[in-house]
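Undergrad: This is the structure, below, for whatever I ask next.
The values are calculated or read from the model by the stated rules, or taken from the named source; none is laboratory data. The structure displayed is predicted, hence computed values, not measured ones. Glycine gets a Cβ as well: all are built from the backbone with ideal geometry, and neighbour counts include every protein chain shown. For the accessible areas, the whole protein counts, side chains as well, though only heavy atoms, and no ligand, DNA or RNA atoms are used. Shrake-Rupley method; radii C 1.70, N 1.55, O 1.52, S 1.80 Å.
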Amino acid sequence: MFGIIVGTHGQFAPGIVQSCEMIFGKRDKLKAVTLVPGEGPDDVLEKYQKAIEELGNPDRVLFFNDLMGGSPYNAACRLVATNENYGIVAGVNLPALIAMSAAQDTDDGTATIAEIMEQALQACKDGAVISSYESLNVETEDDEL
């Protein structure tokens, strides 16, 4: 099973992991890493390395970051640059984290990190929707019954 590390600025990572676990249940291969004021990329790098160890050194790791170019992302890049089985997707959202947690449960070890990242990216996109006055007030055939 691949591991997931959510790395964000502030307490976003623990919050979104907690929300995922409220909906999906406790996750063994999911960790949150934070960048707090006064820390830099080296601090996050150390936290990532510790999280990987706590995950049991999985063969593949998906880093879910909040923002491309931020310190959590840059620290993840340093690890990805040295391991072809690690990958990053920036723009984490709760629907995507839930979808990838489900993907962990069905992972048979054959998916490449590139395939996992593509699935995560699609889940991020699918998790973002819009609702407007017009879309919420469209009559359908079911309304007429």
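Undergrad: Give the number of residues within the stretch 27-71 that are among the small types (Gly, Ala, Ser) and assigned to a helix (DSSP H, G or I). Write out each step before concluding.
TA: Initially, the stretch 27-71 is screened for residues among the small types (Gly, Ala, Ser), giving 32, 38, 40, 51, 56, 69-71.
With the extra rule that they be assigned to a helix (DSSP H, G or I), the set shrinks to 51, 71.
Counting residues in the stretch 27-71 that are among the small types (Gly, Ala, Ser) and assigned to a helix (DSSP H, G or I) gives 2.
Undergrad: Being hydroxyl-bearing (Ser, Thr, Tyr) and within 14 Å of Phe2 (Cβ to Cβ) is the filter here; which residues of the stretch 64-118 pass it?
TA: To start, the set of residues in the stretch 64-118 that are hydroxyl-bearing (Ser, Thr, Tyr) comprises 71, 73, 82, 86, 101, 106, 110, 112.
Within the stretch 64-118, Tyr86, Ser101, Thr106, Thr110, Thr112 meet the criteria.
Undergrad: What are the residues in the stretch 113-144 that are closer than 15 Å to Leu62 by Cα and open to solvent by 70 Å² or more (accessible area, probe 1.4 Å), if any?
TA: The answer is Glu115, Glu118, Gln119, Gln122.
Conditions (1) touching a Pro at 6+ places or on another chain (Cβ under 7 Å); (2) without any contact (Cβ under 8 Å) to a residue 40 or more places away in the chain; (3) open to solvent by 60 Å² or more (accessible area, probe 1.4 Å), marked per residue:
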residue	(1), (2), (3)
Asp28	no, yes, yes
Gly40	no, yes, no
Val44	yes, yes, no
Tyr48	no, no, no
Arg60	no, no, no
Ser71	yes, no, no
Arg78	no, yes, yes
Thr110	no, yes, yes
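Undergrad: While we're on this one: Tally the residues that are open to solvent by 20 Å² or more (accessible area, probe 1.4 Å), in contact (Cβ under 8 Å) with a residue 40 or more places away in the chain and assigned to a helix (DSSP H, G or I), restricting the search to the stretch 7-26.
TA: From the stretch 7-26, those open to solvent by 20 Å² or more (accessible area, probe 1.4 Å) are 9-12, 14-15, 18-19, 21-26; that's our starting set.
When the remaining residues are screened for being in contact (Cβ under 8 Å) with a residue 40 or more places away in the chain, the result is 9, 12, 19, 23-24.
Retained after the next criterion (residues that are assigned to a helix (DSSP H, G or I)): 12, 19, 23-24.
Going through the stretch 7-26 one residue at a time, the tally reaches 4.
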